[in-house]
Each structure stands twice: as structure tokens, then as C-alpha cells.
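The values are calculated or read from the model by the stated rules, or taken from the named source; none is laboratory data. Predicted model, so just to flag it, every value in this text is computed and none were measured. Glycine gets a Cβ as well: all are built from the backbone with ideal geometry, and neighbour counts include every protein chain shown. Remember, those area values only see protein heavy atoms, side chains included, never the ligands or the DNA or RNA. Shrake-Rupley method; radii C 1.70, N 1.55, O 1.52, S 1.80 Å.
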Amino acid sequence: MTIKLFNTMSRKLEEFKPLNPGRVGFYSCGPTVYHYAHIGNLRTMIHNDILKRMFLENGYDVHHVMNITDVGHLTNDEDDSGEDKMEKGAARDNKSVWDIAKFYKDEFLRDYDDLNIMRPTDMPHATDYIAEQIELVQKLEKLGYTYEIPGDGIYYDTSKFAAYGALTGGALSGNRAGARVEFNSAKRNPTDFALWKFSPVGVRRQMEWDSPWGVGFPGWHAECSAMGMKLLGNHFDIHTGGEDLSRVHHANEIAQSEPITGAPWVSYWVHFSFLVDKSGEKMSKSSGEFLGLDALRRRGYDPMVYRYLILLGHYQTQLAFSWDAMDAAAAGYKNITRRVADLLMDNAPGDVDATAVGAWHDKMLGVISDNLKTAETLVLVQEILRDGTMNAATKINLFEFIDRLLGLQFLDRARRIVERESADAPAEITELAQRRAAAKVARDWATADDLRAQIDAMGWSVVDTRDGFKIVKKDE
């Protein structure tokens, strides 16, 4: 298939052409593991997953790197001030920085797995690549791009990089100070950013290292360049992240990488839009109620419903989150899984129509390969279910492909429905259901309701049908 992606650098839709035929080098900015992941962060991870699945279904070998930030990310992104998020998280939880890094990474990966997101090829920690980050700064120092602010750190002089800000079409003077680094009037330019920060005098940080410039820690931007070059080489295909990263973090990555690589570092920059509330404000950890995936689980939502909600939108468009939207997504997801379950229970599924499978496969892959049009792909899922020319076996075969492409686990959830509905109810439950049916015929609604409640309390449900009722084992 022809693959098209919107490239932030060129600000247009471009046909994807790999640096190496049949292979994709793909770097995505990962979590700072000082707290639970917010559902807005997880939206970005879902879009990364769709991008990867699209390439895999097109036959590419994908080398995906996602960093784990466990040092150097400061708290206030707006005025470039504050504490290291990891140190602050450790103080909040009364644990060591190393302990919270492990705990919140594990929690992040639990969410990752529950959302059926494929694991990266490599998941490097910033603290495991300190030597590479120091080497990066040394190379920039030798090339004349750095300067020292005594008592503060080693800074990158953005005036030395003529293309600074090109990623978003801005001139150097139009960008604010480098994010995550406290503003300092000693900087030569407002956009200059720290490559290496000195540990404060008289303060021993939990995470600090010796360097040619003194004891300290790397600036947040350095890790992605150092790890990207180490694991993917000096030039690779795609770099992704949330839309908020394009103006500063990714601009800084480019500025500190391309003097070393001597050519464009990344071919395609892909950025994902925010998840917002009903007022249009970005949803984040600091914007009120902390909404992690656990908040959705506690309300009884299958994580697949959240994934389904995200795919109903497009990655370049902000998506409004609300509980009403989640309810609508839950109803839509349930409807599809119910219909797939009916296909699985078809007593005469027939033979797979390979021609029909091939035609629908190509149609769906073509849509998703055209700038990841997930909503349009889900419309095709509904069309497959409505198609009266295909038998159950053909549709089930197509859903195996759909689940690989979209990761929505329709077949898995449908099989659970079949398992529940195929379970033989104990005689006691059957008797209660029969008594309830008799009470309904007698229009004794109070007795019918009481019997239904008894059945529910025993772990079963009675479902009224056109022909009477069926008894279904409830989810564990």
C-alpha cells in the first residue's frame, strides 16, 4: 500500500519512503515515571500503536524505541522552573527515586498491556544512557555549540543553529525559553536550553553523576537524541510525540542532533493532538481530577472501550473526553462484540471466501495507510457486519485481521460472551428463571423482579428473548 503521513516538518501530507527498504526506524517519546499515566498520555500511546500496526500489516519490519524518562524532567513546563519531577515524586511517596521509577514504570506498562498496546522493540531508561548523553554534550562542545553558566550548567546556544524552530515554522525569536529548564538571565538567548545541569551547592540529589563539567545530571532533551542515535542510528524514519512537544522539546532534539549527524536526523515528524475536556482545555495531571486508566476501570469500563473511543477520532484533531462519550463508545463497542459473538455461534458458518477477504483487507489497509484514518476504518467494520453476501466464516476471518490492525480485541471479547452463554446453568438457577417467566405471564412484576435479583446475586443473568429467555453466566 501507499503510505501517507502528515509530516510536521513540511506541514503537509507526504508519501512515506523508508531509508531502508522494508524497514522502519521509529522513535516515540515515552513517559516520565514519577506518577501514574494520565489518559491523555495514553491517547498518544494508542496512536503510536496504530502507526506501528499499520506498518506491520504493510509488511514492514519495525524497530520501535520508546524512552523511559527517570531523570532531568523539571516540573513547570510553562515558565521553565521547578524541581526535578522524579525527585519531587520520591518526596511525595516517601520512597527513593529508583523505587518510584520502577513502580510507576510497572504501572504504566500495566495500562499499556490492558490497552493492548504492543511493547516497543527497545525501552531504554535515561539513567542507563548517562555516558551517551555526556558524549553528546562533548561533541557539541567541540563543535562550538555550548557555553557554561557558572553554578548552573552547560547550555546549548540556539543562535548557532540557523534552523532552530523550523519544525513548527517559527523563527528563533518566536520560541519561548527551553522547556523544563529554569529561566536564567545569564543565558545568551531565551531559547537556549540546558544540556547538563550542575547539582545545587550543598545539596545531594538522589540521581547525580560525575562529568567533565562537574557533578550533575542531564537536561531532559539530551536523552532522546543520545538514545535515538545509539539504538536507531544517526538517521531514522519517524519520530512521534504529543503536539505539545513539537515547539520546544523536539526543536531542541533537532538542534542538538543535526550538528552531529550532519544531515536531517529524522525523515518524518508525527505529532498527536490533545485529549481535551468539554471546555476544550487540555486534560493533564495538573488540570483537576487525575484521570488514569484506573479511574475508568473503577467506573466499570473495559479498557478496550477507551481505545475504541480514541480510534473514533483522528490523531491530528483534538478529542473531547466526557463520561457521556465513554458511554456512547461502550455501547458501540458492545454492539460490535455482540454481533461478532453471534457469528461465532453460527451453526453453519460456511467456508472462507478468500476473494472477499482479500478485497476487504486491501480496502481497510488502504484507508488506515492514508494518514491513519481510524474512524473511517471503523465505518468499514460496520459495513462488514452488515454485508449480507459474506458468511460467518468469512467475517470471522476478517475480524482476525481487524484485531491485528486496530488492536481492539473484538474476537477476544466475543469469545468471552460465547463462553458465558454456553455455560450450563445449575438446576437451581434454571428453576428460578422458569418461576420468573411464570410470574411475568401472570403479570406479577414484583415477584419477577425479586426472582431476577436472586439470580443476579448467584452470579447469573436472565435475558429475555423473543422465544422466552436464556440464562447467561455473569463476568467474573
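Checking each residue in the stretch 245-271 for being surrounded by 19 or more Cβ atoms within 10 Å (Cβ to Cβ), without any contact (Cβ under 8 Å) to a residue 60 or more places away in the chain and either of a type in the set (Ser, Thr, Tyr) or not in a loop (DSSP other than H, G, I, E, B) (or both) picks out GLU253, SER257. Filtering the stretch 384-406 to residues that are of a type in the set (Lys, Arg) and within 12 Å of LEU343 (Cβ to Cβ) leaves only LYS395. Would you please name the residue that is farthest from ILE154 (Cα to Cα), looking only at residues in the stretch 192-207 that are buried (at least 18 other Cβ atoms within 10 Å of the Cβ) and in contact with a Ser or Thr (Cβ under 7 Å, 6 or more places away or on another chain)? In this case the residue turns out to be MET207. Total residues in the stretch 104-131 satisfying the condition of being in contact with a helix residue (DSSP H, G or I) (Cβ under 8 Å, 6 or more places away or on another chain) and more than 20 Å from CYS224 (Cα to Cα): the figure is 7. If you filter the stretch 12-33 down to residues that are of a type in the set (S, T, N, Q) and open to solvent by less than 40 Å² (accessible area, probe 1.4 Å), you find that the one that is farthest from the chain's Cα centre (by Cα) is THR32. Within the stretch 401-416, residues that are within 18 Å of ALA329 (Cβ to Cβ) and in contact (Cβ under 8 Å) with a residue 24 or more places away in the chain have Cβ atoms under 7 Å from residues that are basic (Lys, Arg) and buried (at least 18 other Cβ atoms within 10 Å of the Cβ) in these pairs: GLY407/ARG53; GLY407/ARG307; LEU408/ARG307, counting only partners at least 6 apart in sequence or on another chain.
Here's the yes/no breakdown for (1) among the hydrophobic types (A, V, I, L, M, F, W, C); (2) within 41 Å of the chain's Cα centre (by Cα):
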site: VAL381; (1), (2): yes, yes
site: GLY388; (1), (2): no, yes
site: ILE396; (1), (2): yes, yes
site: PHE399; (1), (2): yes, yes
site: ARG413; (1), (2): no, yes
site: ARG420; (1), (2): no, yes
site: ALA437; (1), (2): yes, no
site: LYS440; (1), (2): no, no
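Restricting the first member to the stretch 87-116 and to residues that are closer than 18 Å to MET66 by Cα and touching a residue at least 60 places away in the same chain (Cβ under 8 Å), and the second to residues that are open to solvent by less than 70 Å² (accessible area, probe 1.4 Å) and among the polar types (S, T, N, Q), the beta-carbon pairs closer than 8 Å and six or more apart or on different chains are ALA101/THR127; ASN116/GLN409.
Among the residues in the stretch 224-242, are any of a type in the set (Val, Ile, Thr), more than 17 Å from PRO18 (Cβ to Cβ) and touching a residue at least 40 places away in the same chain (Cβ under 8 Å)? No, there is no match, as no residue in the stretch 224-242 is of a type in the set (Val, Ile, Thr), more than 17 Å from PRO18 (Cβ to Cβ) and touching a residue at least 40 places away in the same chain (Cβ under 8 Å). In the stretch 440-462, the residues that are over 17 Å from ALA427 (Cα atoms) form Cβ pairs under 7 Å with partners that are open to solvent by 30 Å² or more (accessible area, probe 1.4 Å), at six or more places apart or across chains, as follows: ALA448/LYS440.
Of the residues making up the stretch 131-153, those that are at pLDDT below 95 and surrounded by 19 or more Cβ atoms within 10 Å (Cβ to Cβ) number 1. Need pairs with beta-carbon distance below 6 Å; first residue in contact (Cβ under 8 Å) with a residue 24 or more places away in the chain and within the stretch 309-327, second open to solvent by 50 Å² or more (accessible area, probe 1.4 Å) and not aromatic (Phe, Trp, Tyr); sequence gap 6+ or separate chains. Hits for this filter: ALA320/LYS278; SER322/LYS278.
Scanning the stretch 320-346 for residues that are part of a strand (DSSP E or B) and either within 15 Å of GLN409 (Cβ to Cβ) or at pLDDT 95 or above (or both) yields nothing.
Residue by residue, here is whether (1) aromatic (Phe, Trp, Tyr); (2) part of a loop (DSSP other than H, G, I, E, B); (3) farther than 30 Å from ARG413 by Cα holds:
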{"residue": "PHE103", "(1), (2), (3)": "yes, no, no"}
{"residue": "ASP106", "(1), (2), (3)": "no, no, no"}
{"residue": "PRO120", "(1), (2), (3)": "no, yes, no"}
{"residue": "ALA131", "(1), (2), (3)": "no, no, yes"}
{"residue": "GLU135", "(1), (2), (3)": "no, no, yes"}
{"residue": "LEU140", "(1), (2), (3)": "no, no, yes"}
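If the condition is being open to solvent by 10 Å² or more (accessible area, probe 1.4 Å) and of a type outside the set (A, V, I, L, M, F, W, C), then the stretch 217-241 contributes LYS230, GLY233, ASN234, HIS235. The residue pairs whose first member lies in the stretch 202-214 and is farther than 18 Å from LYS85 by Cβ, whose second member is polar (S, T, N, Q) and at pLDDT 95 or above, and whose beta carbons are closer than 9 Å, counting only pairs six or more residues apart or on different chains, are PRO212/GLN138.
Looking across the stretch 430-470, the residues that are assigned to a helix (DSSP H, G or I), open to solvent by less than 70 Å² (accessible area, probe 1.4 Å) and either more than 28 Å from ALA331 (Cβ to Cβ) or modelled with pLDDT of 85 or more (or both) come down to THR430, LEU432, ARG436, ALA438, ALA439, THR447, ALA448, LEU451, ALA453, ILE455, ASP456. For ASP351, are the conditions met, namely being among the acidic types (Asp, Glu), more than 22 Å from MET54 (Cβ to Cβ) and surrounded by 14 or more Cβ atoms within 10 Å (Cβ to Cβ)? Answer is no for this residue.
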